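Here's the structure we're looking at; comments come further down.
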Amino acid sequence: MLTSHDFNTFNFIDFVRQNPDHHEPFSLEIDQGKAVFHDAGIIEFTPDQPSNQYVCLSCGVHGNETAPIEIISDMVRDILVGSQALQVNLLILLGNPKAMMQQERFLEFNLNRMFNHHWKAYLEADASCYEALRAKRLEAAVKDFFDKSPTDARCYHYDLHTAIRASKHQRFAIYPYLDGREHKAEQLAFVQDCGVDTVLLYHKPSSTFSYHTSHHFKADAFTVELGKVKPFGENNRDDFKQAENQLRKLVAANYHFNNDRSTDELNLFAVKKELLRISDESHLNVEDDLANFTEFEQGFELLSDPDEPYIVESDGEAIVFPNNKVPKGQRMALLIEPVTLG
């Protein structure tokens, strides 16, 4: 159990390492409100002054993506000691504690493919599957949090990542499918203020954490890729300062969303096609370490397959998340193309 005497030395990362599976919930009074430690890697802060903003910040859904974990850990400590203003309802989630302890992307399965209740199929196959159990617990945490919000609340979820693959655009965000709702210029402006210069507008429901909260709670949500994967202690925090500053403003209710901001400076892409492994002969004609957002010229045979090859139809088409090592029927890459809004 923590006390106020421990706040100055509290380290969220170390606390999760000491309690990676589960701990009994406990609450603490802090200078600015209340902190509830619900479970391993799950902390809820409630400010003294009522707020209609409900902010979820998640990190470590992939355990080796350490920079966002360090940013959130510092923010938690600063809220506890009072040096970070708390003026919103805030849910902090460290997604995959055991993978973080091993600095691995995941233990068995990609946690960010298990949300929107996709974990159920994994638990049917193996009732002890760690990542599936963790996805179930995280879904419960966000439901408990957002269910408290009144009808006029503003709900946000920013799922913070760093990329394992090189990228033509180092900082990019994925705007999940909105189920018919409009993309918001204010949200695009926020991620731009975080240093993001490229946004991929997703085209259909998915199993990602950001789609889950967007779909079930109508939260303004993004998956945000803030840079490159590095081990703990090797991140240049200056590279992430722009994003950290905006997140801290958000928690202090000092960030002012602006729906009139232009998106002209953003590189916007939409998914044109999913390239699937149709057969054992399906093969992307790219290097294994190809950078995300690499563009191709018209006429290039991007996907070789006896029955369904794909020939690039126009200059400027690009791919993200290429992977030749997937089973038959699964996605080998997303084919994307530039778009504008409006």
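Rule-based calculations on the coordinates, nothing more; no lab input. Keep in mind that what you see is a predicted model, and the values were worked out from it rather than measured. When we count neighbours, we look across all protein chains shown, and the Cβ atoms used for this are built from the backbone with ideal geometry, even at glycine.
Just how large is the dipole of the chain about the Cα centre, in debye to the nearest 20, putting +1 at every Lys and Arg Cβ and -1 at every Asp and Glu Cβ?
Numbers: 33 positive and 53 negative charges, 149 e Å.
For the chain, the charge dipole is close to 720 debye.
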> Assuming R0 = 22 Å, what is the FRET efficiency of D289 and R331, from their Cβ-Cβ distance, to the nearest 0.05?
Replying inline: 0.75
>> Given points 7 Å out from each Cα along the Cα-Cβ axis, report the E186 to A140 separation in nanometres with one decimal.
In response: 3.3
>> In whole Hz and in residue order, list the ³J(HN,Hα) couplings for the range 258-268 that follow from phi through the Karplus curve 6.51 cos²θ - 1.76 cosθ + 1.60, θ = phi - 60°; x for Gly and Pro.
In response: 10, 7, 9, 5, 6, 9, 4, 7, 8, 7, 10
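Find how much the distance from S304 to V36 grows on full extension, using 0.36 nm per residue of separation minus their present alpha carbon separation; answer in nm with one decimal.
91.2 nm
Once R0 is set to 45 Å, what does the formula 1/(1 + (r/R0)^6) return for the Cβ-Cβ distance between M101 and K218, expressed as a FRET efficiency to the nearest 0.05? Intermediate results must be reported in sequence, preceding the final value.
Details: r = 34 Å, r/R0 = 0.76.
The formula returns an efficiency of 0.85 here.
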>> What does the net charge come to around I278 if you take all other residues with beta carbon closer than 12 Å to its beta carbon, with K and R at +1 and D and E at -1?
In response: -3
>> For H157, what residues show an amide H to amide H distance below 5 Å, using hydrogens built from the backbone and excluding near sequence neighbours?
In response: C56, D220, A221, F222
> Picking from T66, T151, T213, which is most flexible by a Gaussian network model of the chain using Cα springs under 10 Å?
Replying inline: T151
> In nm, to one decimal, how far is the modelled label at H256 from the one at F232, with both set 7 Å along Cα→Cβ?
Replying inline: 4.0
> Given Cα pairs under 8 Å that are at least 6 residues apart, what percent is the relative contact order of the range 147-200?
Replying inline: 44
> Label 7 Å along Cα→Cβ of S83; the range 242-259 residues with amide nitrogen under 20 Å?
Replying inline: 242-254
> Where in the range 289-329 does the label zone of E281 land, with the point 7 angstrom along Cα→C-beta and an amide N cut-off under 12 Å?
Replying inline: 304-309
> Can you list the lysines whose alpha carbon is less than 28 Å from that of K218, not counting same-chain residues fewer than 8 positions off?
Replying inline: K34, K120, K136, K143, K148, K184, K204, K249, K272, K273
>> I'd like the distance between the alpha-carbon centres of the range 201-216 and the range 269-342, rounded to an integer number of Å.
In response: 21
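Can you put K218, K325, K136, K120 in order, fewest other beta carbons within 10 Å first?
K325, K120, K218, K136
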>> Can you tell me which of G195, G33, G95 moves the most in a GNM of the chain? Springs connect C-alpha atoms under 10 Å apart.
In response: G33
> So how tilted is helix 241-251 from the main axis of the chain? Cα-based, degrees 0 to 90, rounded to 10.
Replying inline: 50
>> If each DSSP helix of 4+ residues adds -39,500 (n - 2.57) and the sum is divided by the residues in the chain, what number results at 222 nm, nearest 500 deg cm²/dmol?
In response: -7000 deg cm²/dmol
>> With the crude spin-label approximation of a point 7 Å out along Cα→Cβ, what separation in nm comes out for H117 versus I311?
In response: 4.4
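Just need the relative contact order of the chain here, percent rounded to a whole number, with Cα pairs under 8 Å and 6+ apart. Before the final figure, lay out the partial values.
Values: 732 pairs, mean separation 52.1, N = 342.
Once normalised by length, the contact order is 15 percent.
Of all DSSP beta bridges in the chain, what percent run antiparallel (nearest 5)?
Values: 34 of 62 bridges.
In the chain, DSSP labels about 55 percent of beta bridges as antiparallel.
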